[in-house]
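The values are calculated or read from the model by the stated rules, or taken from the named source; none is laboratory data. What you see is a predicted model, and the numbers here were worked out from it, not measured in a lab. Cβ placement follows ideal geometry from the backbone for every residue including glycine, while neighbour counts extend to all protein chains displayed.
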């Protein structure tokens, strides 16, 4: 199966703690073959303005053991420039988690579309506010 | 666990931003991070909005500089200087005005860029 669609999700936190409690939910998605992790990094902006990035490899034994073996071909896609740029855009005392993942669940659908000479020409997440408004 | 090589590889978001500017679609990721952060104080809101405006303006400035440069190349090659279509000119003047309002261009730079555009 060719590589499924790759997506970048950034979760922003109003604090600069390391939110490793998200890792079990990611693990669940990977174990069920819903996604494959292409990249994952935590970026923290300290109150003094320092930017720190924490790699999966540095997250700590507990979290690491939960994801171990699930990210074998882990080469990453984000560059040091991306991390610096994201760090610059953070307010002090806040942080974010950037995850790049393959939408493994979508790969067979996209492949079937391609075999039928179809092409995915539009693929966008509708902001929650719009859905709420339409469903009100 | 393997550690990804972050240095020496091209910027993912930079590549996305370049494509977005060419395609005229949404601004790049870091702009969204700045804009999406919840501000606790009005001061922070103003700062975030100003950062977003600066980011937008810088992308527009680069695009405008490229357009001006390519216009100048075309004009140098032509026997007689030709004015760009009026519609483009107005859009470019408006963009210059936005950049000046955002503080990206000084009054002098604005006047100089405007004069270059109007000279055709």
Could you go through region A:108-120 and let me know if any residue there is more than 14 Å from every other protein chain (Cβ to nearest Cβ), surrounded by 17 or more Cβ atoms within 10 Å (Cβ to Cβ) and closer than 20 Å to residue A:8 by Cβ. yes
I want to confirm something. Restricting to region A:88-123 and keeping residues that are without any contact (Cβ under 8 Å) to a residue 40 or more places away in the chain and assigned to a helix (DSSP H, G or I), which single residue is farthest from residue A:40 (Cα to Cα)? A:115
Candidates A:30, A:59, filtered to the one that is in contact with a strand residue (DSSP E or B) (Cβ under 8 Å, 6 or more places away or on another chain) and modelled with pLDDT of 85 or more: A:30
